[in-house]
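*Asks:* I have a structure I would like to understand better, so I am pasting it below and will then ask my questions one at a time.
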Amino acid sequence: MKERVQSFGRFLSAMVMPNIGAFIAWGLLTALFIDTGWLPNAQLSTIVGPMLTYLLPILIAYQGGKMVGGDRGAIAGTIATVGTICGTEYTMLMGAMVMGPFAGWVMKKFDQVIEGKVKAGFEMLVNNFSLGIIGLLLAILGFYIMGPFMAGVLGVLSAGVQVLVDHGILPLISIFVEPAKVLFLNNAINHGIFTPLGAEQVKAVGHSIFYMIETNPGPGTGVLLAYWFFSKDENTKASAPGALIVHLLGGIHEIYFPYVLMNPLLLLATIGGSVAAMFYNVIFNLGLASPASPGSIFAYVGMAPRGSTFMVLLSVVVGTVVSFLIAAPIVRLSNSRSNLDEAEAKMKDMKAQSKGYSAYAVGETGKKIDLRTLSNIVFACDAGMGSSAMGATVLQKKLEAAGFDQIKVKHASVSEVPADAEMVVCHKDLAERARKSAPNAKLVTITNFMTAPEYDQIVQDLLNARINTNEEVEGGTDFHGGILLKKNIVLNHPAKTKEESIKAMGKLLKEGGYVTERYTEAMFEKEKVFNTAIGNNIAIPHGIESMTGEILNSGIAIFTYPNGLDWGEGKKVKLVIGVASVGDDHMTALAKIADACETAAAVDRIVAMSQDEIYNLFK
């Protein structure tokens, strides 16, 4: 049941989040140009209503329809939602969240029924008319049924909210919101529930308190300040200031969730801070003109209506102070040293396991993953925009510092991790969802986005795999990783002719696991079409395009000929750089080579270098 609720919330959130920019544009229009805005403008204020009534619901419907039924589902969703909008006076954000995916599902089912049954030449006719007819029928359904039904639902919800407000208990909603947030349901709650409810309030009074519930950075700020000042764990204490900057200024709230999960009693602090801020907001009738996304202090205060900026800022201060006062004694009295000990013990275990310098990691289903050929890592979080983007950046920098420029760290929603991903990094509380998305991947779980020891362990495992030369890669090759390795730089190569040089280059690339035996033939074929001596005493032999299937892994090898080697057509070369490329993997190395070889004199300097110097120049 819990998993179903989480999936439903994430689905609602996924329809809204790609369109947050449009919500911000609408919010700024509202805050600036309505009668009570910062810069009242009767003409520009006329944009506010149509944008809320039509643009935002249609964008949501398009996204929802596309998620279920592709491009045809997206178009069907927008047509159906226009009918729903016209069937009621309410803002149909929630109606779009229903009709968009429903229309996408209908189109998907229709396409499955007619698949393979349309005669050749009639595909476009059938596709266009089926989309138009089904869209029309769904628009009629939306006008007569879905619009009035959703109006009734919104009426009930609005009445329920009014009861909470009238009795002064709306702030108690934070008792449920704060624990849900640290379970990484923050985006589902904010964009799946509060955003559509808030839009209706903005339409009526110009601002909404719903936009202040989940997004207030104060409660998380109080917890991070408590760790900064009072934590006994030096690592946690040192990481708290950086996390505070990312949370408060960057708006990535997920950064503080692990600090709460280390000591669940700190939920009392976040709940207390949020409840106090909400009571303050209710007393002074505060609200925001648009969703504050991301939830940074800049976005939060920036969405304050005219005349309430300072009061909205105090809302953050209230949440911070109350949260800090509750969190400080909890952090100070807790034995947080045990967390560090646990992390250190885990590190020792991982190091012990790596003593064998295995070239492989083992996926969740037991599949062997060759670390020597790893090209990308997926960093996952709940929404794929906040903590995953930040964590991916941290890990990417560590990989690049270790020389793994070819490995790219991508970020994604945990529910949208590619099924063929080989390595996935995520918070430990998202592990089960990550396993479902990529069951064969090596899963690395962390508890701290800023200083996770697992980042260093990933780098170390890759380094160990790079120097391992005793395990064969699955498929029979002997690839040992890295586009450019020292052993593939040969000084004063003994070849006397161009043909000997190309044969030796092909053999070296083959023995390194980069290419098949036929790649040498592919290089000779290329020379028949185009002489690969490109000037400045350089030649870059590579295979003809029709034989790219002979390339197993991207690689570069370098031969030097200080006295020059005849490359045909009257061209002499001193530096020969053999290239085998899968996709664009080699482009970074070639860009460095081009920079370093701008003149013949520069090439002469390279040819006079040692193997280490050439490697350090191009690595």
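*Asks:* Residues in segment 258-274 that are under 28 Å from the mean Cα position of the chain (by Cα) and over 16 Å from SER174 (Cβ atoms): how many?
*Replies:* 6
*Asks:* Condition test on ALA277, is it over 24 Å from the mean Cα position of the chain (by Cα) and not in a helix (DSSP H, G or I)?
*Replies:* Judged against the criteria, ALA277 is not a match.
*Asks:* Filter segment 500-516 for residues that are free of Cβ contacts under 8 Å to residues at least 24 places away in the same chain and touching a helix residue (DSSP H, G or I) at 6+ places or on another chain (Cβ under 9 Å) and give the result.
*Replies:* Once the filter is applied, which keeps residues that are free of Cβ contacts under 8 Å to residues at least 24 places away in the same chain and touching a helix residue (DSSP H, G or I) at 6+ places or on another chain (Cβ under 9 Å), segment 500-516 yields LYS503, LYS507, LYS510.
*Asks:* Quick one: how many residues across segment 308-335 are outside any helix (DSSP H, G or I) and either closer than 30 Å to ALA31 by Cβ or modelled with pLDDT of 95 or more (or both)?
*Replies:* Adding up the residues that qualify gives 1.
*Asks:* Somewhere in segment 475-493, is a residue more than 21 Å from the chain's Cα centre (by Cα), at pLDDT below 80 and among the basic types (Lys, Arg)?
*Replies:* Within segment 475-493, none of the residues are more than 21 Å from the chain's Cα centre (by Cα), at pLDDT below 80 and among the basic types (Lys, Arg).
*Asks:* For ASN190, which of the numbered conditions (1) closer than 20 Å to VAL301 by Cβ; (2) out of contact with any strand residue (DSSP E or B) (no Cβ under 8 Å at 6 or more places or on another chain); (3) modelled with pLDDT of 80 or more fails to hold?
*Replies:* Failed condition: (3).
*Asks:* Would segment 227-240 turn up any residue that is of a type in the set (A, V, I, L, M), modelled with pLDDT under 90 and either more than 22 Å from the chain's Cα centre (by Cα) or buried (at least 19 other Cβ atoms within 10 Å of the Cβ) (or both)?
*Replies:* Yes: segment 227-240 contains one or more residues that are of a type in the set (A, V, I, L, M), modelled with pLDDT under 90 and either more than 22 Å from the chain's Cα centre (by Cα) or buried (at least 19 other Cβ atoms within 10 Å of the Cβ) (or both).
*Asks:* Pairs, please: C-beta under 7 Å, at least 6 apart or cross-chain, first residue of a type in the set (Ser, Thr, Tyr) and in segment 63-76, second modelled with pLDDT of 90 or more?
*Replies:* Matching pairs, first to second residue: none at all.
*Asks:* Answer yes if at least one residue in segment 398-407 is buried (at least 22 other Cβ atoms within 10 Å of the Cβ), hydrophobic (A, V, I, L, M, F, W, C), modelled with pLDDT of 85 or more and within 20 Å of LYS368 (Cα to Cα), and no otherwise.
*Replies:* no
*Asks:* Scan segment 173-187 residue by residue and report those that are modelled with pLDDT of 75 or more and surrounded by 15 or more Cβ atoms within 10 Å (Cβ to Cβ).
*Replies:* ILE173, SER174, VAL177, GLU178, PRO179, ALA180, LYS181, VAL182
*Asks:* Also, I was wondering about something else. Could you tell me which numbered condition PRO40 fails, if it satisfies all but one of (1) in contact (Cβ under 8 Å) with a residue 60 or more places away in the chain; (2) part of a loop (DSSP other than H, G, I, E, B)?
*Replies:* If we test PRO40 against (1) in contact (Cβ under 8 Å) with a residue 60 or more places away in the chain; (2) part of a loop (DSSP other than H, G, I, E, B), just (1) comes out false.
*Asks:* Taking the criterion of being basic (Lys, Arg), within 35 Å of the chain's Cα centre (by Cα), modelled with pLDDT under 75 and within 18 Å of GLY512 (Cα to Cα), would at least one residue in segment 596-619 satisfy it?
*Replies:* yes
*Asks:* Ok, one more. Taking THR88, is it among the β-branched types (Val, Ile, Thr), in contact with a Pro (Cβ under 7 Å, 6 or more places away or on another chain) and part of a loop (DSSP other than H, G, I, E, B)?
*Replies:* yes
*Asks:* Restricting attention to segment 115-139, which residues are of a type in the set (A, V, I, L, M) and farther than 16 Å from GLY70 by Cα?
*Replies:* Result: VAL118, ALA120, MET124, LEU125, VAL126, ILE133, LEU136, LEU137, LEU138, ALA139.
*Asks:* Here is a further query. Among the residues of segment 495-512, write down those that are surrounded by fewer than 22 Cβ atoms within 10 Å (Cβ to Cβ) and small (Gly, Ala, Ser). Give the derivation first.
*Replies:* Residues of segment 495-512 surrounded by fewer than 22 Cβ atoms within 10 Å (Cβ to Cβ): 495-497, 499-500, 503-504, 507-508, 510-511.
If the condition is that a residue be surrounded by fewer than 22 Cβ atoms within 10 Å (Cβ to Cβ) and small (Gly, Ala, Ser), then ALA495, ALA504 are the ones that fit.
*Asks:* Just the residues that are β-branched (Val, Ile, Thr) and assigned to a strand (DSSP E or B), please, taken from segment 508-564.
*Replies:* Answer for segment 508-564, where residues must be β-branched (Val, Ile, Thr) and assigned to a strand (DSSP E or B): VAL515, ILE534, ILE538, ILE551, ILE556, ILE558, THR560.
*Asks:* Moving on to the next point. Name the one entry in THR78, THR53, THR46, THR36 that is over 25 Å from the mean Cα position of the chain (by Cα) and modelled with pLDDT under 80.
*Replies:* Result of the check over THR78, THR53, THR46, THR36: THR36.
*Asks:* Would you confirm whether or not segment 571-578 contains a residue that is surrounded by fewer than 16 Cβ atoms within 10 Å (Cβ to Cβ), at pLDDT 85 or above and not in a loop (DSSP other than H, G, I, E, B)?
*Replies:* yes
*Asks:* Confirm whether ILE297 is at pLDDT 85 or above, over 26 Å from VAL444 (Cα atoms) and touching an Asp or Glu at 6+ places or on another chain (Cβ under 7 Å).
*Replies:* no
*Asks:* With respect to SER334, is the statement that it is touching a Ser or Thr at 6+ places or on another chain (Cβ under 7 Å), buried (at least 18 other Cβ atoms within 10 Å of the Cβ), in contact (Cβ under 8 Å) with a residue 40 or more places away in the chain and not charged (D, E, K, R) true?
*Replies:* Here the answer is no, as SER334 does not meet what is asked.
*Asks:* Going through segment 201-245 one residue at a time, which ones are farther than 24 Å from VAL275 by Cβ and either assigned by TED's automatic domain parsing to the domain that holds ALA452 or among the charged types (D, E, K, R) (or both)?
*Replies:* Matches in segment 201-245: LYS203, LYS232, ASP233, GLU234, LYS237.
*Asks:* Keeping to segment 413-422, report how many residues are modelled with pLDDT under 85, out of contact with any Leu (no Cβ under 7 Å at 6 or more places or on another chain) and hydrophobic (A, V, I, L, M, F, W, C).
*Replies:* Total satisfying the criteria: 1.
The values are calculated or read from the model by the stated rules, or taken from the named source; none is laboratory data. Treat the numbers as computed from the prediction; the structure is a model and nothing was measured. Cβ sites come from the backbone with ideal geometry, for glycine too, and all protein chains shown count toward neighbours.
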